[in-house]
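Down below is the structure, laid out as structure tokens.
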Amino acid sequence: FNRFSPLDDPPLVRELKALADRAGVPVKEVLVADASRRTTKENAYVSGFGRTRRLVLHDTLLRRDREEVILVTAHELGHRKHRHVEMGILLGAAGAALAVVVLWLVLRSGTAAAAARATGLADPRLLPLLLLVVSLLSLAIQPVGNWVSRRFETEADRFALRVTGDSETYVETERGLALRNRSDLDPNPLAYRLLFTHPAPAERVALATEGDGPNGS
């Protein structure tokens, strides 16, 4: 668990709050989380709703240049602006409902009980088989969830480029984050489609360098 404290940098606080206002996601306060106790990764996020909305920066992120902090913040504001968290919750709920329906069909058919040599639905011998069904279902829908996650991340990147208008710093920030967070710079195409929740670093840089940035076509 992290400990949180107000960001002790009034000019940066004002700048980040102004950025949040421009993004249409105003925040009440800017906090710092002591994430360095457990990780070297640099991140930020927006929590709360309405008047309780807060921007939280990892202390690891504050070691970077001010421009990088602003870009990472703009990306996180993009997630909130486009309601990615809410959509993710709805998709997760839909996945859980699908799992319940599949389990109900498996149990209703009697096939599971016969395969496990169970005497009834309360027989604990059914549990391993049901866990296997849930695991296989999770593997089947995981690529879809990862594809949606990558779309969300790309949308947040585009939002950050549009709000800040700083494609040059964006490119340097993405390159630096990829190296410091030890991202896979050249993932296997199949593993990428099945397992990756974020776009590959080259894709993220291409948003600014191939015409998708604020000054692009």
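The values are calculated or read from the model by the stated rules, or taken from the named source; none is laboratory data. For clarity, every value in this text was computed on a predicted model and none was experimentally measured. With ideal geometry, Cβ positions are generated from the backbone for all residues, glycine too; neighbour counts draw on all protein chains shown. In case anyone asks, the SASA skips ligands and DNA or RNA and just uses the protein heavy atoms, side chains included. Shrake-Rupley method; radii C 1.70, N 1.55, O 1.52, S 1.80 Å.
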* Arg80: more than 30 Å from Val144 (Cα to Cα) and out of contact with any Pro (no Cβ under 6 Å at 6 or more places or on another chain), yes or no? -> no
* Within the range 116-129, can one find any residue that is touching a residue at least 24 places away in the same chain (Cβ under 8 Å) and open to solvent by less than 70 Å² (accessible area, probe 1.4 Å)? -> no
* Residues of the range 39-64 that turn out to be in a loop (DSSP other than H, G, I, E, B) and free of Cβ contacts under 8 Å to residues at least 12 places away in the same chain, as a count -> 1
* For Glu15, are the conditions met, namely being touching a residue at least 40 places away in the same chain (Cβ under 8 Å), open to solvent by 40 Å² or more (accessible area, probe 1.4 Å) and outside any loop (DSSP other than H, G, I, E, B)? -> yes
* To do: Among the residues of the range 1-12, write down those that are assigned to a helix (DSSP H, G or I) and without any contact (Cβ under 8 Å) to a residue 12 or more places away in the chain.
  => Pro10, Pro11
* Take the residues of the range 143-171 that are open to solvent by 70 Å² or more (accessible area, probe 1.4 Å) and not acidic (Asp, Glu): which is farthest from the chain's Cα centre (by Cα)? -> Arg162
* Hits in the range 172-197 - residues which are at pLDDT below 80, within 17 Å of Glu68 (Cβ to Cβ) and open to solvent by 100 Å² or more (accessible area, probe 1.4 Å) -> Leu179
* Asked: Hey, does the range 21-29 have a residue that's within 21 Å of Glu155 (Cβ to Cβ), over 21 Å from the mean Cα position of the chain (by Cα) and in a helix (DSSP H, G or I)?
  -> yes
* helices (runs of 4 or more DSSP H) completely within the range 73-170 that count 1 or more residues being aromatic (Phe, Trp, Tyr) and farther than 30 Å from Val30 by Cα -> 84-109, 126-164
